[in-house]
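J.: Structure below; questions to follow.
Coordinate-derived values only; no laboratory data. Bear in mind that the values here come from a model prediction, so they are computed numbers and not experimental data. Positions of Cβ are backbone-derived with ideal geometry, glycine not excepted, and every protein chain shown enters the neighbour counts.
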Amino acid sequence: MRPARALIDLDALRANFRLARELGGGRKTLAAIKADAYGHGAIDCARALQGEADAFGVACIEEALELRQAGITTPIVLLEGFFDADELPLIVQHDLWFAVGTPWQVEAVAAFQTTATLRIWLKLDSGMHRLGLSPADFRAAHARLSALPQVGPMVLMSHMARADELDSPRTREQAELFAATIAGLAGETSLCNSPALLGWPDVRSDWVRPGLMLYGANPLPGHPELSARLRPVMTMQSTIFAVREIGVGEPVGYGARFVAERPTRVGVVALGYADGYPQFAPNGTPVVIDGQPGRLIGRVSMDMLTVDLTDLPQAGLGSRVTLWGDAPRLDVLAPLCGVSAYQLPCAVKRVPHALLGA
């Protein structure tokens with residue numbers, strides 16, 4: 001069998017979740033497991049956190065139903081709400097919570113007749129300008145929804161646009177606008193994402209919503225000290241299945257992006273961009289080969305990549321290559337490749353998972 005594997009450390013996931021709860025002051029904690037838990041496996045991650053998380057956050061009803069069918073009973077919040085009013089009966093059937101952040105969603109809820117109690121997370125646009133109601137519309141929507149017999153206590157939420165920029169005033173401006181808008185309104189609050197939890201200790205809410213930090217990556221570029229307690233959850237590994245020697249002036253891979261400047265031993269690794277590794281990772285991108293520092297050479301192919309074995313005489317056929325994990329960390333690797341730490345694990349599709357700490 002092809003040796004590429006994504007090792008998923010569920011103990012690390014639990015530790016990161018507990019850190020998020022601690023940083024949030026012990027408040028209610030929603031674990032964001034949308035997009036298949038950022039590529040880590042939503043069902044496995046939900047099972048690992050069931051009993052600890054106060055809720056799970058997903059992007060759409062399809063993701064929620066997958067969790068319910070797997071036996072997950074923890075509250076699930078549809079963070080984008082519903083995309084069509086026809087989803088509301090399914091929301092009731094499967095006891096889902098959902099965001100409301102557009103005027104048409106408010107109207108759909110008002111028109112929906114049910115004896116069930118709807119659990120709404122009412123979303124304010126405090127400056128992201130993506131989803132969310134304007135401050136004036138937010139207060140009107142809160143009044144209208146609160147008067148409906150089918151609507152229970154609401155959570156009042158917003159989303160930070162620049163919390164990963166610690167020198168930007170935008171986060172504090174958004175928090176102040178949020179506080180002013182909800183003043184006097186009934187409901188718990190939810191404001192803090194991963195960068196807010198790690199980098200803005202004076203910005204807090206009743207519910208916190210960790211995402212990337214759950215998976216051990218630092219969402220605050222340039223501030224590794226703030227993520228020192230995070231533990232990487234995914235380790236991407238494969239092995240060398242071919243070795244060759246090339247001479248000075250010989251190229252490796254598509255486009256001859258690497259040309260040997262000395263006699264070079266090349267290891268071919270069974271993993272490529274179809275497995276989620278960035279196609280245009282530059283020459284010299286760090287890898288770990290049998291526990292020793294190594295480097296990528298040549299352009300990454302769909303199913304393979306190549307590494308330099310010249311200074312690692314002990315390495316060869318069957319040597320284990322770590323593409324990311326404890327080293328290199330996702331948040332270190334990603335900027336070298338011109339992508340984000342969010343993108344890399346989300347792109348992991350065909351690599352089988354091996355669970356640790358299940």
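J.: Taking the Cα centre as origin and putting +1 on Lys and Arg beta-carbons and -1 on Asp and Glu beta-carbons, what dipole magnitude results for the chain, to the nearest 20 debye?
T.: 400
J.: List the lysines whose alpha-carbon lies under 29 Å from that of LYS123, not counting same-chain residues fewer than 8 positions away?
T.: LYS28, LYS34
J.: Using Cα springs under 10 Å in a Gaussian network model of the chain, which residue among PHE83, PHE178, PHE280 shows the largest mean-square fluctuation?
T.: Judging by the Gaussian network model, the answer is PHE83.
J.: Among TYR273, TYR254, which comes first, then next, by fewest other beta-carbon atoms within 10 Å?
T.: Ordered by Cβ neighbours within 10 Å, fewest first: TYR254, TYR273.
J.: With a Förster radius of 30 Å, plug the Cβ-Cβ distance of ASP86 and ALA136 into 1/(1 + (r/R0)^6) and report the FRET value to the nearest 0.05.
T.: Numbers: r = 29 Å, r/R0 = 0.97.
Rounded to the nearest 0.05, the efficiency is 0.55.
J.: For the pair ARG231 and ARG2, how long in nm is the line joining their label points, each one 7 Å along Cα→Cβ?
T.: The modelled label-to-label distance comes out at 3.0 nm.
J.: To continue, here is another question. Need the C-alpha centroid separation for the stretch 62-88 versus the stretch 260-294, integer Å.
T.: Using only Cα atoms to place each centre, the spacing works out to 40 Å.
J.: I'd like the FRET efficiency for ARG244 and ASP303, computed as 1/(1 + (r/R0)^6) with the beta carbon distance as r and R0 of 22 Å, rounded to 0.05.
T.: In this case the efficiency is close to 0.85.
J.: What is the set of long-range amide H partners of ALA161 at a cut-off below 5 Å, with H atoms built 1.01 Å from backbone N?
T.: Counting only residues 5 or more places away or on other chains, the set is empty.
J.: Run the helix sum for the chain: -39,500 (n - 2.57) per DSSP H stretch of 4+ residues, divided by residue count, reported at 222 nm to the nearest 500 deg cm²/dmol.
T.: Taking each H run of at least 4 residues, the total per residue is -7000 deg cm²/dmol.
J.: Considering Cα pairs under 8 angstrom that are at least six residues apart, work out the relative contact order of the chain and quote it in whole percent.
T.: 19
J.: Full-extension gain between LEU166 and ALA327, please, as 0.36 nm times their residue separation minus the C-alpha to C-alpha distance.
T.: Length difference between fully extended and current span is 55.4 nm.
J.: Using Cα pairs under 8 angstrom and six or more residues apart, how large is the relative contact order of the stretch 10-218, in percent?
T.: The normalised contact order for the stretch 10-218 reaches 21 percent.
J.: Using modelled backbone amide H atoms (1.01 Å from N, in-plane), which distant-in-sequence or interchain residues come within less than 5 Å of ARG295's amide H?
T.: VAL287, ASP308
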